[in-house]
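To start, the structure under review is shown below, and the notes come after it.
The values are calculated or read from the model by the stated rules, or taken from the named source; none is laboratory data. Everything quoted here is computed from the prediction, not taken from an experiment. Neighbour counts are summed over all protein chains in view; Cβ atoms, including those assigned to glycine, are modelled from backbone coordinates with ideal geometry.
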Amino acid sequence: MRIIAGQHRGLALASVGKGDAAAHLRPTTDRVRESLFSMLTGGRFGDPVTDAVVLDLFAGTGALGLEALSRGAAQVTFVDDGRVAQKLIRENIAKCRAEGQARLVARNATRLAPATETPATLVFLDPPYGKGLGDKALSAAMEGGWIAPGACVVWEESGPVTPPAGVQLIDSRRYGDTTISICTVAE
């Protein structure tokens, strides 16, 4: 795994090794991540990355949020309750020297406390596939004030998603066993 583009282009991220099967640690492949960012910055969605406040739910290795930072996002908050994931995220933040722009919230993404910082304008949502956790986490983040009105949500799942009330599906594309859905939060 590596950063695809931007300031840290080519930087190798921490090795997942055997990962954490119990926590469903399944990093987004470089190819899918590259396609995802091409979708986002290809003009149809404007530029949701530059200067974005990013929320990376079920962050895993932190690769999505760190890719956004490399491409010009202002800051990122990683949320993951897995110990292996938290270790990988900390290691990857250090590799990118992004300590001043990144923070880790060690918490279950479906049970977020109310937000205390600027709401996110770009959200990455990559829950364990097929467990219905994406909808719960997105709803919890919106209720807790973590997400700004009009925010762009990138939802990675094994198949089509049904967004919660107040979130509109804009585009969806399949890459192997991964479906990337782009949504927006109502203004």
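Below are the figures for this structure:
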read-out	value
Test: residue in the stretch 72-82 that is outside any loop (DSSP other than H, G, I, E, B), over 22 Å from R174 (Cα atoms) and at pLDDT below 95	no
Given (1) under 14 Å from F58 (Cβ atoms); (2) touching a helix residue (DSSP H, G or I) at 6+ places or on another chain (Cβ under 9 Å); (3) surrounded by 22 or more Cβ atoms within 10 Å (Cβ to Cβ), number of the condition P128 does not satisfy	(3)
Residue that is within 23 Å of V76 (Cα to Cα), surrounded by fewer than 22 Cβ atoms within 10 Å (Cβ to Cβ), without any contact (Cβ under 8 Å) to a residue 60 or more places away in the chain and of a type outside the set (F, W, Y), where the choices are S172, S139	S139
Conditions (1) in contact with a strand residue (DSSP E or B) (Cβ under 9 Å, 6 or more places away or on another chain); (2) modelled with pLDDT under 75; (3) closer than 20 Å to A85 by Cα; (4) not small (G, A, S); number of the one not met by L66	(2)
Residues located in the stretch 87-109, provided they are over 14 Å from I3 (Cα atoms) and buried (at least 18 other Cβ atoms within 10 Å of the Cβ)	L88, A102, L104, V105, A109
Top-ranked residue in the stretch 147-162 [being in a loop (DSSP other than H, G, I, E, B) and in contact with a helix residue (DSSP H, G or I) (Cβ under 8 Å, 6 or more places away or on another chain); ranked as surrounded by the most Cβ atoms within 10 Å (Cβ to Cβ)]	V161
Answer residue from the stretch 131-146, given it is among the charged types (D, E, K, R) and outside any loop (DSSP other than H, G, I, E, B) and is nearest to T41 (Cα to Cα) among those	D135
Residues located in the stretch 102-133, provided they are farther than 21 Å from R83 by Cβ and among the polar types (S, T, N, Q)	T116, T118, T121
Subset of the stretch 49-76 that is more than 14 Å from D126 (Cα to Cα) and not aliphatic (A, V, I, L, M) - its residue that is nearest to the chain's Cα centre (by Cα)	E67
Filtered residues of the stretch 10-31 (kept if more than 18 Å from the chain's Cα centre (by Cα) and at pLDDT 65 or above)	G10, L11, A12, S15
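Yes/no per residue for (1) closer than 23 Å to E187 by Cβ; (2) at pLDDT 95 or above; (3) among the β-branched types (V, I, T); (4) over 12 Å from the mean Cα position of the chain (by Cα):
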site: L122; (1), (2), (3), (4): yes, yes, no, no
site: G130; (1), (2), (3), (4): no, no, no, yes
site: A148; (1), (2), (3), (4): yes, yes, no, yes
site: G159; (1), (2), (3), (4): no, no, no, yes
